[in-house]
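Notes for the one structure printed next.
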Amino acid sequence: MNHLRPTLAGIVFACTVALAACGGNDTDNNNEPQDEITDADIVDLGDLVQLAPDPAAAAEMVGDPATILAESKRQAETARGDVAAVFDFIKQAAEGAPAAKGVTPGGKAWARWVKDIAGSEIRLSVARMTDNRLRYLVQGKAADGTYKPLLTGVFVKKAEKRGGGRFHVNLSNVSDIYQVPGADGTLHFVFANHKDEIRGRRIAYLNVTRRDDPMAPAANFGADLVRITGKGGRFRSVGVGDLIKAAPGNEVFALRVQWNRDEGGRGAAAMASIANPQTPLLLGTAHECWDAEGLRTAYMDDYAANDATNPNEGDVSMCAGFAKEDVPESAATLNGSDPDSELDALLEDSGASDVTEAEASMAEDPGT
């Protein structure tokens, strides 16, 4: 989405999630519990936050790089970039012995790692709630010496480093401490990585605004990703950008993309103009197919003013083994969503759906 750039990825979230806070003093508690926090309790999200290929240029003719594919990559990379470094640094932060550990009032283990990243102290805290539920807290030290929550959430452990969960990132606090991504609002990350054959994540932006564009409307949209191991996957998202060059201003568009590895894929979009954000105008829908190289093989939209530069060509009824499907027009709004039902089931099975929004937002420091 235009309002959020992948700048949150790098050092910012590195710092952010790199270390969560577990509070308390830095001495070990002599009453060590039997359920001590170990490396197996530190989630590893793997390819759910891995780097994605650079997006191709937009297509206007069959044989050009696919437009919807490029836009889906851009949206996916923005969302991925906003969380990747955080989770990569969770792993790095938890290397070695914790700076402090102890027992919660309920008799459960907690551990805290402390590191200095990009000139700011970061704390990573992990506390056991039950045998298979762990609370995560990442705090950053602000200029006034206070610790602000950057990430909160719950990991439901199904196996070593794997399971489901829900994490919330406070973009305002991150931006206050690190100046990037220069955004206010909250990012929610819900995931399931407990199965070998399929993994998924859902990223939701809630009332997110850009500090360098105060007049822009707040963003409320979601991005669903499903990865099928060794085969392909699906991506659904709602975003804003200049997808139709022949139309004035930006468009809000809901995307559905699916692909087969080494074969190609197809995408669909429902689009509305927000040249006047107060009165969005539905423009229509678009469908596109591409080959294994990401080059357009067929395209169709129902926006006539676009025909001169982006003509309808080829057959979009079946591409890379996927039949044509439409995106609900209702998803193409600034508050739109187009959830994936299989991802819903996967999140339910992993236990991620059992973590409530309120529970994931709790910034409890078990060491205090």
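Worth pointing out:
- Residues satisfying the stated conditions in region 349-368, i.e. of a type in the set (D, E, K, R) and more than 18 Å from the chain's Cα centre (by Cα): 349, 354, 359, 364, 365
- Any hit, region 97-107, residues being surrounded by fewer than 24 Cβ atoms within 10 Å (Cβ to Cβ), more than 11 Å from residue 366 (Cβ to Cβ), in contact (Cβ under 8 Å) with a residue 40 or more places away in the chain and of a type in the set (S, T, N, Q): no
- Leading residue by the ranking (surrounded by the most Cβ atoms within 10 Å (Cβ to Cβ)) among those in region 290-310 that are farther than 13 Å from residue 247 by Cα and in contact (Cβ under 8 Å) with a residue 60 or more places away in the chain: 290
- Residue count for region 251-281, restricted to those that are in contact with a Ser or Thr (Cβ under 8 Å, 6 or more places away or on another chain) and either modelled with pLDDT under 85 or of a type in the set (A, V, I, L, M, F, W, C) (or both): 12
- Residues (at pLDDT 85 or above and among the polar types (S, T, N, Q)) located in region 210-229: 229
- Of all the listed residues (202, 236, 227, 261), the sole one being over 22 Å from residue 354 (Cα atoms) and buried (at least 20 other Cβ atoms within 10 Å of the Cβ) is 236.
- Enumeration of residues in region 77-119 that are within 29 Å of residue 200 (Cβ to Cβ), small (Gly, Ala, Ser) and modelled with pLDDT of 75 or more: 94, 111
- Pairing each residue of region 191-209 that is at negative phi and polar (S, T, N, Q) with any residue that is part of a strand (DSSP E or B) and surrounded by 20 or more Cβ atoms within 10 Å (Cβ to Cβ), provided the two are 6+ apart or on different chains, yields C-beta distances under 6 Å for 193/162; 193/199.
- Selection count where residues are outside any strand (DSSP E or B) and either under 30 Å from residue 217 (Cβ atoms) or over 25 Å from the mean Cα position of the chain (by Cα) (or both), scope region 282-333: 29
Residue-wise test of (1) at pLDDT below 65; (2) within 16 Å of the chain's Cα centre (by Cα); (3) of a type outside the set (A, V, I, L, M, F, W, C); (4) not in a loop (DSSP other than H, G, I, E, B).
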position	(1), (2), (3), (4)
44	no, yes, yes, no
47	no, yes, yes, yes
59	yes, no, no, no
72	no, yes, yes, yes
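- Annotation: of all residues in region 149-183 being among the hydroxyl-bearing types (Ser, Thr, Tyr) and either out of contact with any strand residue (DSSP E or B) (no Cβ under 8 Å at 6 or more places or on another chain) or more than 21 Å from residue 126 (Cα to Cα) (or both), the one that is surrounded by the fewest Cβ atoms within 10 Å (Cβ to Cβ) is 172.
Every residue, every condition in (1) modelled with pLDDT of 95 or more; (2) in contact with a His (Cβ under 7 Å, 6 or more places away or on another chain); (3) assigned to a strand (DSSP E or B), yes or no:
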{"position": "154", "(1), (2), (3)": "yes, no, yes"}
{"position": "175", "(1), (2), (3)": "no, no, no"}
{"position": "184", "(1), (2), (3)": "no, no, yes"}
{"position": "194", "(1), (2), (3)": "yes, no, no"}
{"position": "199", "(1), (2), (3)": "no, no, yes"}
{"position": "202", "(1), (2), (3)": "no, no, yes"}
{"position": "206", "(1), (2), (3)": "no, yes, yes"}
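The values are calculated or read from the model by the stated rules, or taken from the named source; none is laboratory data. None of the values given here were measured: they were computed from a predicted structure. Don't worry about glycine lacking a Cβ; one is built from the backbone with ideal geometry, like all the others, and counts go over all protein chains shown.
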